[in-house]
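These notes are about the structure you will find just below.
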Amino acid sequence: MVKVIIYPINSLILSDLVERFGHKPLAMMEKIKEKINTVGVDSPPLNITSEEPKMGLKYAAVEVPAGVRGRMAIVGPMIDEAEAAIIVNDASMAFGCMGCARTNELTKYLIRQRDIPILEVDYPRSEEEGMDFVYKIANFLKSLPLEEKQ
Amino acid sequence: MNNEEDIITKIVVISSDSVLPIDAAMKVYESENSITIKETCFGTMVTGPRASVNRVVEEIRAMDKNHIFVKERGFSPGDERRCRAVRGGGPRPGFHYLREEVQMLPIIGKALDAYDRHIPPAEIHHKEKIDVSKLKDIIESNL
Amino acid sequence: MSTEKQVKVALVSCGSEYAGVQGELEKVTASVNAKLIFPEIDIASLDTIGRDFGIEAASPDLRLMMARARAVVEGITDVDGVFITSCFRCAEAAIVRNEVRRYINRHSNIPVISYSFTERTTAATLMTRMEALTTIARRKHLLARERQSGLTAGIDSGSTTTKAVIMKDDKIIGQGWVPTIKVIDSATEAFNHALEEAGVKAEEIQAIGTTGYGRFLVGEHFKAQLIQEEITVNSKGAVYLADRQKGPATVIDIGGMDNKAISVTDGIPGMFTMGGICAGASGRFLDMTAKRLGVDITELGALAVKGMQENVEMNSYCIVFGIQSLVNSLAKGSRPEDVAAAACHSVVEQIFEQQLQEVDVKEPLILVGGSSLIEGVPKALSRLLKIDVLVPPNSHLIGAVGSALLASGFVEE
């Protein structure tokens, strides 16, 4: 089983496919769950405080807007943790955690910098492309080792 | 965080011709009592201890495995920090993206069926932008 | 004030939840008895909003911002005010934020404020802005008042000076102007001056209004009927003193600590900005310039009018560097007149560069606040914007007059 970071990081389809083929998706939802259940932090709705943009300085310089650094404080560690990645380019519009184009550019860049298996596919626009999309992802996921890494 | 009581929520989106959301709900009622479910416009939210949720979700998925999709959700249903009834106004951003993805699910489901049956994928040809000289010819021939 | 109805403020933002400021936004709205809501939108509009609105922004959240703004304008969501906000230093968001603000302004009567935040933005920073937004939304009838009636007082407890006026039957009959040292002591002193000049006793005053940084403390002390931020009060005071109560106007208030640029229609603020990056763009810099030149602040203006700012290179973007270039130019033998003119120019240049982009400048341009009395300042502003600048009589008393005028709304009640 391999930890696979997905992009868009909140995708239902990617998260489902990764799990379906026996791997662990690294997705935004679980990180948000951790955040909102952090005891003693009360900064609704996401419990992101002014500390997160500071943590984000590990991934983006201080002149990068606070919203980018705040998002990177959550996405960055997922990229660090990933053992494989699936990037869907030209995905249809995502919002919230995926709502900032600058963050998204940086996320993709940092994933591409990692020395891990990476699959990049385009978001399908037709049934044929949909098939191609699923086949590529399925084959990629099948090529990853299923046993736990030591 | 207390891991002994690791309560999670998974959203189960049904894009099936043979299984209705109510069938999925019945499945949950039959099998587990530590789990609560909530119907939404796009699927069923299943909340409870991690192991139980995973077990139930797998059972639901097995009802039509290529046409039922699952992802974990950050907030549990009705969390006041996210609930539109409490916070007023329209839905949170994540809702809009889920709506986008749900529209794609029939295609994904079909593709998974085809993959299982080892049907080879069709060749995809992407249209390239036409050459500038070609465009020039078109313009000239049309003027 | 607690009996007033809760104001619904539409939050049109991208990124505030991820920048650590959402909690602060919620805190400040709650403190002015308002509630942030996320406008309901027509979901299908998201697919085409980029082209429909006209900006095909790469960031989906900015498209959501446009869709939410449109929902507000079209009445799909019923709100009393709009707060548009995005990250400081984001060019893409700044373009959309400004156009969305203009769009709402043009197509509705809903008051709007626009703000770019950093992770350090706190509820306190946003307090005056949010208070103004909710006041405009809930007190329109009070702000419609054009004449002062009865015997009322206004106290403006500013960061540098405290002003007080006594008004009777639409006339100023007494005034006081003292430096702010201890908030209540200075307010008492200014108030007593005004009472003395007016020849009335404190007990005879029918209603008191307070404004400025010390408004809450002073208002509580004098049991004021009206405690109001300076955006709405100064807008009212400016158009009243300039006798331009109807139609559009732009009010610029150069204060001791910050500046306000307000776009006003019929005496009610529409768009406004507060701030200035540094005290270098405020009255404080002029005060320091006067001290360094060895003249009284009241003489700086006359000196500046005689000088040529072009002869001195000065940029007061930061007050420390501003003072440095002032010292340097004097050391190089620059004339005090030129230095004074350059200081005035530098202050208005900051206002132009930092603030005026965010409000639509419409004539008449009314300049108020203590700095407007330094003749070099309106002259420099007029030259920079190439329009006439109106400095109404008693322009330094703007806040106090506005407070006394609005407080008279409580006399009849």
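The values are calculated or read from the model by the stated rules, or taken from the named source; none is laboratory data. Model, not experiment: these values are computed from the prediction. Backbone-built Cβ (ideal geometry, glycine too); neighbour counts: all protein chains shown.
Odds and ends about this structure:
- Segment C:168-270 holds strands (runs of 3 or more DSSP E) entirely within its bounds, and those carrying 3 or more residues that are touching a Phe, Trp or Tyr at 6+ places or on another chain (Cβ under 9 Å) map to C:207-211, C:259-265.
- Of the criteria (1) in contact with an Asp or Glu (Cβ under 6 Å, 6 or more places away or on another chain); (2) surrounded by 16 or more Cβ atoms within 10 Å (Cβ to Cβ); (3) facing chain A (nearest Cβ under 10 Å); (4) not β-branched (Val, Ile, Thr), which one residue B:76 fails: (1)
- Against the conditions (1) modelled with pLDDT of 90 or more; (2) part of a helix (DSSP H, G or I); (3) more than 13 Å from every other protein chain (Cβ to nearest Cβ); (4) under 19 Å from the mean Cα position of the chain (by Cα), residue B:28 satisfies every one except (1).
- Whichever residue in segment C:125-157 is among the polar types (S, T, N, Q) and surrounded by fewer than 19 Cβ atoms within 10 Å (Cβ to Cβ) and, among such residues, is farthest from the chain's Cα centre (by Cα): C:149
- Sole residue being closer than 23 Å to residue B:80 by Cβ and within 13 Å of chain A (Cβ to nearest Cβ), chosen from C:64, C:46: C:64
- Identity of the residue in segment C:14-29, within 11 Å of residue C:122 (Cβ to Cβ) and facing another protein chain (nearest Cβ under 9 Å), that ends up farthest from the chain's Cα centre (by Cα): C:20
- Residue in segment C:80-91 that is in a helix (DSSP H, G or I), within 14 Å of chain A (Cβ to nearest Cβ) and in contact with a helix residue (DSSP H, G or I) (Cβ under 8 Å, 6 or more places away or on another chain) present: no
- Residue, nearest to the chain's Cα centre (by Cα), within segment B:31-53, restricted to residues that are assigned to a loop (DSSP other than H, G, I, E, B) and of a type in the set (Val, Ile, Thr): B:40
So that you can scan it fast, the table gives a plain yes or no per residue for (1) outside any strand (DSSP E or B); (2) surrounded by 16 or more Cβ atoms within 10 Å (Cβ to Cβ); (3) out of contact with any helix residue (DSSP H, G or I) (no Cβ under 9 Å at 6 or more places or on another chain):
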residue	(1), (2), (3)
C:51	yes, no, yes
C:56	yes, no, no
C:61	yes, yes, no
C:64	yes, yes, no
C:68	yes, yes, no
C:97	yes, yes, no
C:101	yes, yes, no
C:114	no, yes, no
C:119	yes, yes, no
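- Selection count where residues are at the interface with chain C (Cβ under 10 Å from one of its Cβ atoms) and either surrounded by fewer than 19 Cβ atoms within 10 Å (Cβ to Cβ) or assigned to a loop (DSSP other than H, G, I, E, B) (or both), scope segment A:102-128: 1
- Yes/no for residue A:11 being under 11 Å from the mean Cα position of the chain (by Cα), within 14 Å of chain C (Cβ to nearest Cβ), farther than 24 Å from residue C:89 by Cβ and of a type outside the set (Val, Ile, Thr): yes
- Tally of residues being touching a Pro at 6+ places or on another chain (Cβ under 7 Å) and under 18 Å from residue A:71 (Cβ atoms) across segment C:75-105: 4
- Residue within segment B:105-112 that is over 14 Å from the mean Cα position of the chain (by Cα), at pLDDT 85 or above and away from chain A (no Cβ under 14 Å) present: no
- The set of residues from segment C:14-45 being part of a loop (DSSP other than H, G, I, E, B), touching a residue at least 12 places away in the same chain (Cβ under 8 Å) and not hydrophobic (A, V, I, L, M, F, W, C) comprises C:15, C:16, C:20, C:33, C:39, C:40, C:42.
- Only a single criterion out of (1) touching a His at 6+ places or on another chain (Cβ under 6 Å); (2) within 12 Å of chain A (Cβ to nearest Cβ) is not satisfied by residue B:50, namely (1).
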